Amino acid sequence: MQDLLPLVFAAPNEALTKAESVLRHRPEPLHASVAHQVIGIWQRDFGDMRLALRHLRRARDWAARAGSADREADVLATLGVALVHSGRTRQGLDALGRGVRRGTGHTRARVLFRRAYSWWVLGHHREALEDVRRAVPVLRQAGDVIWTARALTLRATVHLALGAVERAEADFASAEDLWAVTDQEHDKADAVESRGLAAFRSGDVPAALRLLDEAEERYAKLGTPTFMLSIRRCEVLMAAGLAAEALAEADTAVAELDSIGGQSTRKAELLLAAARAARQADDPATATARAGLA
């Protein structure tokens with residue numbers, strides 16, 4: 001059952017199918033918790049946030065019935081991220097805080113990583129760095145390649161947000177070395193996307209666009225949406241003076257996100273990107289409309 005969780009970002013649709021199959025056979029509480037969590041993660045990142053929250057709350061309840069504090073802590077972390085992405089920031093941070101308190105050792109480090117990720121989503125970069133720096137040594141000591149790579153990728157992304165490009169590039173490189181020995185195809189695509197962002201921050205717009213295109217091709221093979229990539233591509237397109245293309249990219253992504261009931265945080269970012277692109281394209285009416293929606 002534990003193999004189902006890493007499968008979400010190795011073969012997302014296969015993980016979803018297997019988790020749904022588990023639930024059809026009336027599993028024991030621990031297994032039910034894992035299966036609901038897998039479905040919740042899939043819906044949170046690739047589908048409908050309402051379904052994600054429903055499954056993650058069930059996963060939390062089944063974990064409590066199973067009497068596993070670490071299982072409950074892990075689900076609380078996943079639920080906390082989903083709540084933050086749905087715009088329920090206070091509830092999300094509360095769930096993450098409870099997860100930190102409930103978890104121990106290796107599990108607690110994973111929870112800290114997810115709280116760091118949530119801080120990054122919310123723009124609290126110093127808090128994000130503090131949590132991820134606490135998580136990385138524990139994950140490394142546990143020999144957890146996947147979560148160490150995720151933590152290094154996040155730390156690099158936060159470094160970029162703070163303008164520390166060289167530190168970011170070093171962390172991205174270390175993470176990519178770790179991803180190379182895993183089957184985490186979605187995370188590998190994310191690593192390429194992150195390299196594109198780093199190239200852009202270094203001033204290499206052509207390389208940034210090439211890497212973002214490569215990442216998009218990888219996501220397409222997995223059948224997963226690419227909303228964060230669209231946000232980043234908009235930024236690069238505007239830097240290249242292609243404001244109209246950036247506006248079209250953002251509007252298309254918003255329509256796709258709306259069609260699946262996706263993350264409200266991503267929708268707000270896409271609308272803001274559209275507003276900036278419209279302003280750069282000398283279309284103040286559209287810029288005002290998109291900014292108001294954001």
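The values are calculated or read from the model by the stated rules, or taken from the named source; none is laboratory data. Remember, it's a predicted structure, so these values are computed and weren't measured experimentally. We place every Cβ from the backbone using ideal geometry, glycine too, and count neighbours over all the protein chains shown. We work out accessible area using only protein heavy atoms, side chains counted, and drop any ligands, DNA or RNA first. Shrake-Rupley method; radii C 1.70, N 1.55, O 1.52, S 1.80 Å.
Taking the range 237-275 as the region of interest, how many residues are open to solvent by less than 50 Å² (accessible area, probe 1.4 Å) and basic (K, R)?
Residues meeting the conditions: 1.
Could you tell me how many of the residues in the range 170-192 are in contact (Cβ under 8 Å) with a residue 12 or more places away in the chain and either touching a Leu at 6+ places or on another chain (Cβ under 8 Å) or not in a helix (DSSP H, G or I) (or both)?
13
Confirm whether R140 is among the basic types (K, R), in contact with a Ser or Thr (Cβ under 9 Å, 6 or more places away or on another chain), part of a helix (DSSP H, G or I) and open to solvent by less than 50 Å² (accessible area, probe 1.4 Å). Write out each step before concluding.
On the way: among the basic types (K, R): yes; in contact with a Ser or Thr (Cβ under 9 Å, 6 or more places away or on another chain): yes; part of a helix (DSSP H, G or I): yes; open to solvent by less than 50 Å² (accessible area, probe 1.4 Å): no.
In short, no.
Return only the number of the condition from (1) farther than 26 Å from T182 by Cα; (2) of a type outside the set (V, I, T); (3) within 19 Å of the chain's Cα centre (by Cα) that P29 does not satisfy.
Result: P29 passes all but (3).
Determine, yes or no, whether K188 is among the basic types (K, R), surrounded by fewer than 18 Cβ atoms within 10 Å (Cβ to Cβ) and at pLDDT 90 or above.
Numbers: among the basic types (K, R): yes; surrounded by fewer than 18 Cβ atoms within 10 Å (Cβ to Cβ): no; at pLDDT 90 or above: yes.
So K188 does not fit the description; no.
Looking at W119 and the list (1) open to solvent by 30 Å² or more (accessible area, probe 1.4 Å); (2) aromatic (F, W, Y); (3) in contact (Cβ under 8 Å) with a residue 40 or more places away in the chain, which single condition is not satisfied?
Status for W119: all satisfied but (3).
Take the conditions part of a helix (DSSP H, G or I), touching a His at 6+ places or on another chain (Cβ under 9 Å) and open to solvent by 30 Å² or more (accessible area, probe 1.4 Å) and apply them to R195. Does it pass?
Numbers: part of a helix (DSSP H, G or I): yes; touching a His at 6+ places or on another chain (Cβ under 9 Å): no; open to solvent by 30 Å² or more (accessible area, probe 1.4 Å): yes.
For R195, the condition - part of a helix (DSSP H, G or I), touching a His at 6+ places or on another chain (Cβ under 9 Å) and open to solvent by 30 Å² or more (accessible area, probe 1.4 Å) - is not met.
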